Amino acid sequence: MSERPIGVFDSGIGGLTTVIELRSILPCEDIIYLGDTARVPYGTRSRETVVRYARQDFEFLKKLGVKFIIAACGTVSSVIASEKGFDDGCLGVIAPAAEAACRSTKNGRIGVIATGASVRSGSYERLIKNIMPGAEIISKACPMFVPLVENGYFARGCIPAETIAREYLEPLRARGIDTLILGCTHYPLLKDIISDIFGDGVKLISSGAEAANSAEKYLEKNGLLNKKNTPGDIRMFCTDSPELFRENAEHFIDLEGITVEKCDL
Ligand code: DGL
């Protein structure tokens, strides 16, 4: 058992979709969240830059004494998979999402939507093919989704978000997928708009939520769960204005009683 907090980070507020899931399955765990809001988006940057940012995110959380880190960022998860120094006590979102998609698909046709950097890395394809060699994977980068979400444009009825989503996703719908990985942790916030396009026949897999489920299994297996039975404490850090972070995040997560502090990496 360990009472140390779990560290979770993302380039911005998207990783909070993982925090929401973590909080519901492990309500007694303390969580420290870092959103690198001064440098979001990561997904349009080069691999070297994303790796450099990821190392700084890790170091920041490690210094705060976390017991385990979730890289709640598809972009970081896909580029660090082949880098040294990240594998110890760390979980990304790609493997949990790939496993869930393979469990879900009936016709073997899986769609992946993610940032440009994630799609270019080929990480989702590689992991899905390892599990299900015969799977057909259709990937699509959706670079406008992160800025839309960071600016609060994601609810059903939001015309700019719906227009961009149709532009990106209609061709994917025509390919007959039955499972779609939301490979970036910002995308679950666009879930209503995305499911309106695909309809009930396509199962949406949220990479951040799957990572939270895998984190629970990892902590249990390694004897690291917090056994206290009082609600966990949550601290949040961001690299740009805490007021802006709060304003954007409060569109979908209740931050009452949670402090958001500015930090430098
Ligand atoms: N939430 C991040 C991801 O999962 C967004 C990346 C970005 O900042 O572009 O990929």
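The distance from the alpha carbon centre of segment 90-116 to that of segment 57-84 is 19 Å, rounded to a whole number.
Using C-alpha pairs below 8 Å separated by at least 6 residues, the relative contact order for the chain is 28 percent. Electrostatic bookkeeping for ASP240 treats Lys and Arg as +1 and Asp and Glu as -1; over the other residues with beta carbon under 13 Å from its beta carbon, the sum is -3. Scalar couplings 3J(HN,Hα) for segment 220-232, obtained by applying the Karplus form with A = 6.51, B = -1.76, C = 1.60 to θ = phi - 60°, are 5, 4, 9, x, 10, 5, 8, 8, 5, 10, 10, x, x Hz; x denotes Gly and Pro.
Annotation: amide H-H contacts under 5 Å for LEU180 (H modelled 1.01 Å from N, sequence separation of 5 or more, or interchain): GLY111, LYS203, LEU204, ILE205.
For the chain, with a Gaussian network of springs between Cα atoms less than 10 Å apart, report the residue from VAL66, VAL19, VAL76 with the top mean-square fluctuation. Top of the fluctuation ranking is VAL66.
Compute the acute angle (0 to 90°) between the alpha-carbon long axis of helix 47-63 and the principal axis of greatest extent of the alpha-carbon atoms of the chain; round to the nearest 10°. It is inclined by approximately 30 degrees. Gyration tensor over the Cα atoms of the chain: the corresponding equivalent ellipsoid has semi-axes (square roots of 5 times the eigenvalues, largest first) of 28, 21, 18 Å.
Computed on segment 1-115, with alpha-carbon pairs under 8 angstrom and 6+ residues apart, the relative contact order is 29 percent. Mean residue ellipticity at 222 nm, helices only, the chain: -12500 deg cm²/dmol; runs of at least 4 DSSP H residues each add -39,500 (n - 2.57), and the sum is divided by the number of residues. Pairs exceeding a 20 Å alpha-carbon distance, out of LYS63/LYS262; LYS62/LYS84; LYS84/LYS217: LYS84/LYS217.
Within the listed set LYS221, LYS191, LYS140, the Gaussian network model of the chain (springs between alpha-carbon atoms below 10 Å) gives the highest mean-square fluctuation for LYS221. Remark: the chain carries 43 Å² of accessible area per residue (probe radius 1.4 Å; ligands, DNA and RNA excluded).
The values are calculated or read from the model by the stated rules, or taken from the named source; none is laboratory data. The model shown is predicted, which means the values in this text are computed figures rather than measured ones. For neighbour counting, all protein chains shown are included, and Cβ atoms are generated from backbone atoms with ideal geometry for every residue, glycine included. Side chains are part of the model used for accessible areas, which takes the heavy atoms of the whole protein and leaves out ligands, DNA and RNA. Shrake-Rupley method; radii C 1.70, N 1.55, O 1.52, S 1.80 Å.
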